[in-house]
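The values are calculated or read from the model by the stated rules, or taken from the named source; none is laboratory data. Treat the numbers as computed from the prediction; the structure is a model and nothing was measured. Note: ideal-geometry Cβ built from the backbone for every residue, glycine included; neighbour counts use all protein chains shown. The accessibility values were calculated without ligands, DNA or RNA, using every heavy atom of the protein model including side chains. Shrake-Rupley method; radii C 1.70, N 1.55, O 1.52, S 1.80 Å.
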Amino acid sequence: MVRSIHFVAGILILIFIAAIVMGMAVYQPDSHDETKLKVICAGSLIESFYEFEKEFENKHPGVDVQVEGHGSIQVIRHVTDLHKEVDVIAVADHSLIPDMMYPEYADWYIAFATNEMVIAYNNQSKYADEITSDNWYEILKRPGVTFGFSNPMLDSCGYRALMVTQLAELHYDDQTIFDDVIACNFDPAIAVNTNNDTCIVVMPEIFEHKTEKIVIRGGSIQLLAFLDYGEIDYAFQYKSMAQQHGLQFVDLPSEIDLSSTESEDIYNKVIIQLGFQRFTSVGTERSGKPIFYAMTIPDSTQHPELAVEFVKFVLSEDGQIILHNTKIPPIYPMADDPDNIPDELRLMDKIYGPETFTLL
């Protein structure tokens, strides 16, 4: 009799434990239930967007923001050529969005920040104690000096490095700068044609440097390690990246650093012609323009309402503080076509139309 009681009690205990385990299985939070918001941004924005990720997840429990950084052309190709389901993209050249995405993949963008080009270096760089905004191109030409820029086919910082060097010829009144600093290091040399007052730099699809003087990588962020380990002396970079990583930098004149709307007519005198053959979605010409970062929500988004919330957060006062803290100068948001942006964004205060550039 006692053994039967013990047996029944044991069965009841097992049932009780099983019920608890099953209950835990049912109510245990499951990471698979999280809503994943896919955000791909320019590499120069990655530190800012990691901060956006943390703050947005704190405000939206159950949302997993997944941020990736790439060269700006690569950012867009994730949508247009690789057909990834991306919820928000942010690039370092606002003109890439209409050129590469309209009308099939998106029909609006909002510009939200700016930047400027600099020559970054550190204390170990050759001639670090001599370089200035007046002689940087002479330093880069010197024997034994090495420098890098990102691949113009993949990254806006790369074709902007070519623009800066070509614009330097106009500013310093020296028609040898582009050839002596960049073109002569490639085989064949990079051609520059002229059409009235415009210089057209022609980049072949496949280009190889014939000297060890130049290092080219897919994104400008990859060049930082080369500077850190002394593999190169200088790099064409955005000012924010040099500041974020504690590098020294040469402040270039506003006529060539692509930072000023007042100098836009000068910037327009340079066009970089990219020799794309493989990717039909990529525009083949990039014109010199002031630097504006811009965002859009691709039509392929799987979470349109949440994507709008994320864009609103980037444009909010909290978002602007994050941009300031990560050295990216925010601007009053500018929509290229306010009629096309989502209603929730159109109703925000201080969304301006194009041609309304103001630093915050």
Problem set entry | Gain on full stretching of the segment that runs from LYS54 to HIS209 - 0.36 nm per residue minus C-alpha separation | 51.7 nm
Seminar exercise, completed: For segment 137-222, listing GluC sites (Glu not before Pro) in a DSSP loop whose Cβ sees at most 14 other Cβ atoms within 10 Å gives GLU205, GLU208, GLU212
Seminar exercise, completed: Rounded to a whole %, the carbon-and-sulfur portion of the accessible area of segment 53-161 at a 1.4 Å probe is 42
For this session: State the three equivalent ellipsoid semi-axes of the chain, derived from the C-alpha gyration tensor as the square roots of 5 times its eigenvalues, in descending order and whole Å.
Result: 48, 24, 19
Seminar exercise, completed: D (µm²/s, integer) via Stokes-Einstein for segment 229-335, Kirkwood Rh across alpha-carbon pairs, 10 °C, 1.306 mPa s: value 93
Exercise. Farthest toward the dipole's positive end in segment 243-325, which of ILE291, ILE321, THR301, given Cβ charges of +1 (Lys, Arg) and -1 (Asp, Glu) about the Cα centre?
Worked result: THR301
For this session: First compute the accessible area of segment 189-337 with a 1.4 Å probe, then give the percent of it belonging to carbon and sulfur atoms.
Result: 43
Seminar exercise, completed: In Å², rounded to a whole number, the accessible area per residue of the chain with probe 1.4 Å is 47
Exercise. GNM, the chain, Cα, under 10 Å: largest mean-square fluctuation among ILE110, ILE328, ILE341?
Worked result: ILE341
Exercise. Taking a point 7 angstrom from the Cα of ASP134 along the C-beta vector, which residues in segment 252-269 have backbone N less than 18 Å away?
Worked result: 252-256
Exercise. Which of the pairs LYS59/LYS327; LYS126/LYS269; LYS213/LYS327; LYS54/LYS84; LYS38/LYS289; LYS38/LYS213 have their Cα atoms more than 27 Å apart in this structure?
Worked result: LYS126/LYS269; LYS213/LYS327; LYS38/LYS289; LYS38/LYS213
Exercise. Can you give the charge dipole size of the chain about its Cα centre, rounded to the nearest 20 debye, using +1 on the beta carbon of Lys and Arg and -1 on the beta carbon of Asp and Glu?
Worked result: 1220
Problem set entry | Stokes-Einstein D for segment 146-228, Kirkwood Rh over Cα pairs, 20 °C, 1.002 mPa s (µm²/s) | 161
Problem set entry | Distance (nanometres) between label positions extended 7 Å along Cα→Cβ at ASP179 and ILE200 | 2.0
Exercise. Hey, got the dipole for segment 223-272? About the Cα centre, +1 on K and R Cβ, -1 on D and E Cβ, debye to the nearest 20?
Worked result: 100
Exercise. Can you tell which of PRO304, PRO103, PRO61 shows the greatest fluctuation in a Gaussian network model of the chain with Cα springs below 10 Å?
Worked result: PRO61
Exercise. Gaussian network model of the chain, Cα springs within a sub-10 Å range: biggest mean-square fluctuation belongs to which of LEU323, LEU82, LEU162?
Worked result: LEU82
Exercise. Using only helices, what value at 222 nm comes out for the chain when you add -39,500 (n - 2.57) per DSSP H run of length 4 or more and divide by the total residues, to the nearest 500 deg cm²/dmol?
Worked result: -10000 deg cm²/dmol
